[in-house]
Amino acid sequence: MKQAHFTRALVATSLGVGTVLTAGSMALMPDFSGSTQEWLAAIAASGTATVSTVGFVLAQVFLAVGYAGLAHLLRSSTPILAPLAGALLVLSCFGHAVWGGVNLLMLPMAADPANHAAYAQLLDRAQSSGAVFPFMALGTLAMVIGYVLLGVALIRSKLGPLWLGIALIVWVPLEFAGSALGPWMAYASGLVFVGVFGVPSVLVLRSSLGHWQTAIEAEPASELPQRQLVGQG
């Protein structure tokens, strides 16, 4: 039972920490609405770009664990949707982590304004190259499809309130299409994200330990010695 307690707490904590880091990263992110050279200028003018970038990269580690754990919890109710959504979202974290590495490189570039034009050309070539673009596409497409599937899985499994799965699906266009409406949409998107994944972290923490036990842990204690001997043989 101790292992089940630890696994449940790890998933709940990962979801919570990943959610806070992501929302904080959104709130502190510089304006990336212009050209690549304007990105560098925005980073240089921002006092929070470093915190936002590092928080974004760290969030991917926690979210990957949280997504996998949430899919594990939902798999009994939605045996196909939940694992598929979890796999896509873990892949999206990998893609975002790669792009986060590019963002980390932008920090020292932004600190050298005399060469912004040259750095911008380099970044433009990197984004369209076969080495970086597939990871960018993976991070975006896997996240969009994964969130929609996870939202449907939440609705079908009835884990938590009905609005939870609906809000997750609505968040997708709010995050991508809504960004064109103005910088304030980043704050709205961050608040919705906190609600969408803050609630599941609490639901995971309150879930039955039976969901987090292994098959051997769930067996009667009287059968364990025999099974262990069979396994050793």
*Expressed as a whole number of Å, what is the distance separating the alpha-carbon centroids of the stretch 1-79 and the stretch 118-179?*
13 Å
*For a label point 7 Å from the Cα of T214 along Cα→C-beta, name the residues of the stretch 3-25 whose backbone N is under 14 Å from it.*
3-7
*asked:* Tell me the carbon and sulfur percent of the accessible area for the stretch 1-120, rounded to whole percent, probe radius 1.4 Å.
replied: 72 percent
*FRET E, pair V51, A87, Förster distance 30 Å, beta-carbon r, rounded to 0.05*: 0.50
*In degrees between 0 and 90, to the nearest 10, how far off the longest principal axis of the chain does helix 2-28 point, with axes built from Cα atoms?*
20 degrees
_Between G69, G195, G151, where does the largest GNM mean-square fluctuation fall for the chain, given springs only between Cα atoms within less than 10 Å?_
G195
_Ranking by accessible area, most exposed first, for S52, S35 with a 1.4 Å probe_ = S35, S52
*Mind checking the dipole of the chain: about its Cα centre, +1 per Lys or Arg Cβ, -1 per Asp or Glu Cβ, Debye to the nearest 20?*
620 debye
*Projected onto the charge dipole of the chain (+1 at Lys/Arg Cβ, -1 at Asp/Glu Cβ, origin at the Cα centre), which of L191, Y147, H72 gives the Cα projection farthest towards the positive end?*
H72
*Within a Gaussian network of the chain (alpha carbon springs, distance under 10 Å), most fluctuating of A12, A114, A23*: A114
*Rounded to 10°, Cα long-axis angle of helix 116-128 versus longest principal axis of the chain*: 40 degrees
*Rounded to the nearest 0.05, what FRET efficiency is calculated for W163 and S207 with R0 set to 22 Å and r the Cβ-Cβ distance?*
0.70
*asked:* What are the ³J(HN,Hα) couplings of the stretch 43-49, residue after residue, when phi is run through the Karplus curve with 6.51, -1.76, 1.60 and θ = phi - 60°? Round to Hz, x for glycine and proline.
replied: 5, 5, 7, 8, x, 10, 4
*In the neighborhood of A117, defined by Cβ-to-Cβ distances under 12 Å, what is the net charge if each Lys or Arg adds +1 and each Asp or Glu adds -1?*
-3
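The values are calculated or read from the model by the stated rules, or taken from the named source; none is laboratory data. For clarity, every value in this text was computed on a predicted model and none was experimentally measured. Every residue, glycine as well, gets a Cβ built from its backbone with ideal geometry; the counts of neighbours run over all protein chains shown. Ligands, DNA and RNA are excluded from the accessible area calculation, which covers all protein heavy atoms including side chains. Shrake-Rupley method; radii C 1.70, N 1.55, O 1.52, S 1.80 Å.
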